[in-house]
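Each value in this text was obtained by applying a stated rule to the coordinates, not by laboratory testing. Computed from a predicted model, the values in this text were never measured in an experiment. So basically every Cβ, Gly included, is an ideal-geometry build from the backbone, and we count neighbours across all protein chains shown.
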Amino acid sequence: MVSKNMARKLTRSENMARIRGRDTKPELLLRRALWAVGCRYRLHYDLPGRPDLLFIRERLAIFVDGCFWHGCPIHYSAPRTREDFWKSKLRTNVLRDMRVDDALISDDWRVFRVWQHELGDIEAVVQNILGLLGGAHKTVQTYKTDMSVPMNVSEPSARYGLGQEDDIDEKLWWVCGCGSRDSRVLAVSGPGSLRPNSKQRPASAELICRKCRSSWSAKVPSDFKGK
Ligand SMILES: [Zn+2]
Ligand SMILES: [Zn+2]
């Protein structure tokens, strides 16, 4: 899938720098970055959830999930108006994502979901995808219930001034009992943003683990400080 004889006038990091600077939709950003390294994907394939990028031969479906629409535990922000509408919207979206995953996985696709915020380090995302394309079927970490690829809560974004690397997991409030950090927000207790340093943080949130599918409520720490 990665073309070897593609002419490259710019170095890879020059390309990346150009791509990063453009103001565009997240999925376009990722498409351009993959294109820049010679990675060829398909679009608009008639599959559940309409994946943002598809690699047919490698059976890999990729979604770029917006932090607001898909319940990012680091960035979800509950609007102050039409609370009920947004509440039901979020739950519907998050549960639909999981049904989409199941449908694709049962049809033998691998599903890779990238958070919009992870594109801040787009080179790392591209590296992950290249790894998944490079015959990595055997080494990809799989979930108990299915074959899906865990979504990486990106390390730089997840750390947010939480101190030593060793105790990151204990300090992340959205970690599932199964140990997975790949959880999504189903609901929050009131308006406000989960972003670090947010002035108004909801008191609690309901989360669902993408790996084991349990859901639980967690207190949102009010002193969750970021950089
Ligand atoms: Zn996010
Ligand atoms: Zn879990």
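If I model a spin label as a point 7 Å beyond the Cα along the Cα-Cβ vector, how far apart are those points for residue 124 and residue 80 in nm?
Between residue 124 and residue 80, the simple spin-label model gives 3.3 nm.
What list do you get for 91, 201 if you sort them by fewest beta carbons within 10 Å?
Values: 91 16, 201 21.
The order, fewest Cβ neighbours first, is 91, 201.
For residue 216 paired with residue 59, estimate the spin-label separation in nm (one decimal), with each label point 7 Å from Cα along the Cα-to-Cβ line.
Between residue 216 and residue 59, the label points sit 3.3 nm apart.
Which of 199/219; 89/211; 25/211 have a Cα-Cα distance over 24 Å?
25/211
In which sequence would 68, 55 go, from the one with the fewest C-beta neighbours within 10 Å to the one with the most?
Working: 68 18, 55 22.
Starting with the residue having the fewest Cβ neighbours, the order is 68, 55.
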